[in-house]
Amino acid sequence: MNRDEVLLLVRKARVDKFVSYTIDADLYSPEGSFSFECDSKYDVSRGDTCQIFVNRKCVMAGLIDTVRRSLSRSGPKMDIEGRSVAAVLADSSVTKFATLPTTLPQLTERLVRDLPFLSRKDFVFKSGSDKAKVQRKFVEVSPGDSVFDVIKKAANSQGYLFWASPEGQLVFDKPVERGKADFKIHAFENGEEMDYIEGSVTETLNGQHSLIKVIGESQDDSDIKYVAASVKNDDFPFYRPLVVNWNENEGPAKKTAELQLATEKASAIQLEYTMPGHSQNGIPWTINAFCDVEDHYNGAVDSYLIKRRTFTLSRSEGKRTRLELQPGGSL
């Protein structure tokens, strides 16, 4: 059986013996978090950059926020806490309020120019995101706005998701709805054989609609409203319409409607599983990857996107992975 070896690599230390840990990555909260409880002999300091590996594969590039050393009758110990490198963006406010560029590469280069640990080479632009032109209103900055908030708002305005890869790259890409599954989860209908420790499937109508209409205003007469685009959700069981305001400067109305529909469908079904260990066939569980689920007992048989993944170690439970999945990506 694979031991799922975990390693915390810091500038002056190689930490591989732990009492407990939690390593959390979320597709929609790129800063993530981690905490380790270990022996106090390691040379680790606040502000150190680090990498976390599972089976020699990097699962998070991070920055150590807090180091706590303590001594009790049970002996000395050290607690280490931190987040991914994306936390640099979340913690840093924009300090210059001049007009910002309206392309994503130029915008990120301008905003991270004076920040530590990150440079333009750490940003990856996929699905044509390097060519997208952002409207001026989506790059307007107010005092207190974080660098992360400004970049995320600009990316989302053009239909792009902004997330952190396990290796520490900050990625602009379209939300993925379908893809080749890298992982599998299954349980037979009688519940007698299953490869997870605990699993649940939640279906909800909250925030869902049967029809989405995008309404615009006529440029000839501001009192005249017109339907710019509409899409139907054939999976919704009864009539419940949603009307969204739109103007011609916000891009294609059809794209606005389709993005709203994709977001609603992604939140309609939520799956949660607790798995033994941290990997499948030696490959660590990862966010933004698809997983084929054949869980007849809970009524889920399809391919789902892993949106959140948490590795844990404790004395009572050993090594486990908590997963949250949904049908495809959303903004």
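Quick notes on this one:
- Region 114-150 - residue that is touching a helix residue (DSSP H, G or I) at 6+ places or on another chain (Cβ under 6 Å) and part of a helix (DSSP H, G or I) and, of those, surrounded by the most Cβ atoms within 10 Å (Cβ to Cβ): V147
- Residue match in region 307-315 (condition: farther than 14 Å from T22 by Cα and either touching a Pro at 6+ places or on another chain (Cβ under 8 Å) or not hydroxyl-bearing (S, T, Y) (or both)): yes
- Total residues in region 276-319 satisfying the condition of being at negative phi and free of Cβ contacts under 8 Å to residues at least 12 places away in the same chain: the figure is 3.
- Taken residue by residue, region 286-294 has no member that is β-branched (V, I, T) and farther than 24 Å from A25 by Cβ.
- Residue list for region 40-51, restricted to those being open to solvent by less than 30 Å² (accessible area, probe 1.4 Å) and assigned to a strand (DSSP E or B): C50
- Members of region 89-107 found to be more than 20 Å from G62 (Cβ to Cβ) and either open to solvent by 40 Å² or more (accessible area, probe 1.4 Å) or in a helix (DSSP H, G or I) (or both), listed by number: S93, T95, K96, F97, A98, T99, L104, P105, Q106, L107
- Qualifying residue in region 250-262 (condition: out of contact with any His (no Cβ under 9 Å at 6 or more places or on another chain) and of a type in the set (V, I, T)): yes
- Matching entry among A253, A229 (being buried (at least 16 other Cβ atoms within 10 Å of the Cβ), touching a helix residue (DSSP H, G or I) at 6+ places or on another chain (Cβ under 7 Å) and under 30 Å from K133 (Cβ atoms)): A229
- Every pair of residues 6+ apart whose Cβ atoms lie under 8 Å, when the first sits in region 261-275 and is over 17 Å from C291 (Cα atoms) while the second is part of a strand (DSSP E or B): L261/I212; L261/V231; E264/I212; A268/E203
- The residue of region 232-246 that is modelled with the lowest pLDDT, among those that are out of contact with any helix residue (DSSP H, G or I) (no Cβ under 9 Å at 6 or more places or on another chain) and either open to solvent by less than 50 Å² (accessible area, probe 1.4 Å) or not hydroxyl-bearing (S, T, Y) (or both), is N245.
- Residues of region 3-39 satisfying the condition of being in contact (Cβ under 8 Å) with a residue 24 or more places away in the chain, in contact with a strand residue (DSSP E or B) (Cβ under 6 Å, 6 or more places away or on another chain) and assigned to a loop (DSSP other than H, G, I, E, B): D4, L27
Condition check ((1) under 14 Å from A164 (Cβ atoms); (2) of a type in the set (S, T, Y)) across all residues:
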site	(1), (2)
D48	no, no
I52	yes, no
V67	no, no
M78	no, no
S84	yes, yes
V112	yes, no
L115	no, no
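- Residue in region 196-215 that is modelled with pLDDT under 85, closer than 30 Å to I23 by Cα and either open to solvent by less than 80 Å² (accessible area, probe 1.4 Å) or not in a strand (DSSP E or B) (or both) present: no
- A residue that is in contact with a strand residue (DSSP E or B) (Cβ under 7 Å, 6 or more places away or on another chain), under 16 Å from S146 (Cα atoms) and of a type in the set (A, V, I, L, M, F, W, C) occurs somewhere in region 66-85.
- Taken together, S165, S127 contain a single residue that is within 23 Å of A87 (Cα to Cα), among the hydroxyl-bearing types (S, T, Y) and touching a residue at least 40 places away in the same chain (Cβ under 8 Å), which is S165.
- Taken as a whole, the structure leaves T312 outside the set of residues that are among the hydroxyl-bearing types (S, T, Y), open to solvent by less than 10 Å² (accessible area, probe 1.4 Å) and either farther than 29 Å from E217 by Cβ or assigned to a strand (DSSP E or B) (or both).
- Filter result (open to solvent by less than 60 Å² (accessible area, probe 1.4 Å), of a type outside the set (V, I, T) and in a loop (DSSP other than H, G, I, E, B)) within region 73-88: A86
The values are calculated or read from the model by the stated rules, or taken from the named source; none is laboratory data. Because the structure is predicted, anything quoted here is derived from the model rather than measured. Heads up, the Cβs are rebuilt from the backbone with ideal geometry, glycines too, and the neighbour counts pull from every protein chain shown. The protein model used for the area step is the full one, side chains on, heavy atoms only, and it has no ligands, DNA or RNA in it. Shrake-Rupley method; radii C 1.70, N 1.55, O 1.52, S 1.80 Å.
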